[in-house]
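Laboratory data are not the source of any read-out in this text; all were calculated from the coordinates shown. Computed from a predicted model, the values in this text were never measured in an experiment. Here the Cβ positions follow ideal geometry from the backbone for every residue, glycine too, while neighbour counts run over all protein chains shown.
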């Protein structure tokens, strides 16, 4: 597996993205959207995990305008900085970066066929917004707090969207889960709820990590990406 940082340009400037290539050197594409902690070690390892599953993975540096290549931990001080960086982002910047990252990934010679998007927490919400604002082929959204504020975008979504949610996540209570389900009633996709999992259950670097839920969610994500992105031949 090969990994490197590459540069992507759009109307706002140039930013970095972490690229992970599969062992065969080519495959369907995936955009990985970070948590609020940057493209840190965990996110890079997730990119590598999906690359080993056969995908060309590109993880853009979402906070490049305010703090290029920032890597934050999970303590209170870093969380405070992360929230400030998140608050500084606008929906238009998110839309612009998603579109330019998608174009950059599709232009890569290693990327063959379709492209999906997935993300965690803040990145889960961005994956949902990307499904609504681009012609991405599939999206998987892990515990994207705040997504309920964007459910009015659902009519614009034409690709399958999967939600991976924790049953013990205080930032996404069951009333919000129900709102998400209703918004997808006539859309392809699925909403999975893991009863014993809280917010951040996929991150093995955090105390919230819940191995059974993370493993099952990963398997389901791969199943959906296999259905929607991979050539069946």
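Taking other Cβ atoms within 10 Å as a rough exposure proxy, 203, 159 sort from fewest to most as 159, 203. As a rough guide to protection, the peptides 129-141, 94-106 ranked by mean Cβ packing within 10 Å, highest first, stand as 129-141, 94-106.
Calculated mean residue ellipticity, 222 nm, the chain: -11500 deg cm²/dmol, from DSSP H runs (n ≥ 4) at -39500 (n - 2.57) each, averaged per residue and rounded to 500. Centre-to-centre, using Cα atoms only, region 156-176 and region 99-149 are separated by 15 Å. Cβ crowding within 10 Å ranks 223, 92, 148 as 92, 223, 148, fewest other Cβ atoms first. Compared with the alpha-carbon gap, the fully stretched path from residue 112 to residue 182 is longer by 21.8 nm at 0.36 nm per residue. Using a cutoff of 8 angstrom between alpha carbon atoms and counting only pairs six or more residues apart, the relative contact order for region 117-233 works out to 21 percent. Counting only DSSP beta bridges whose two residues both lie in region 2-229, roughly 35 percent are antiparallel. Return the percentage of antiparallel bridges among DSSP beta bridges fully within region 1-129, rounded to the nearest 5 %. Among the beta bridges of region 1-129, antiparallel pairing accounts for roughly 60 percent.
Taking other Cβ atoms within 10 Å as a rough exposure proxy, 6, 126 sort from fewest to most as 6, 126. You can think of it this way: the chain between residue 209 and residue 26 has 62.8 nm of extra reach, that is 0.36 nm per residue less the Cα-Cα gap.
For region 120-233, what class follows from the C-alpha gyration tensor (a ≥ b ≥ c being the square roots of its eigenvalues): rounded when a/c is under 1.5, otherwise prolate if a/b is larger than b/c, else oblate?
Oblate, because a/c is 1.5 or more while a/b does not exceed b/c.
Can you grab the distance from the C-alpha centre of region 15-87 to the C-alpha centre of region 177-224, Å, no decimals? Cα centres, region 15-87 to region 177-224: 19 Å. Sequence-distant contacts, meaning Cα pairs under 8 Å at least 6 residues apart, place the relative contact order of the chain at 16 percent. A simple spin-label model places pseudo-atoms 7 Å from Cα toward Cβ; at residue 175 and residue 226 they are separated by 3.9 nm.
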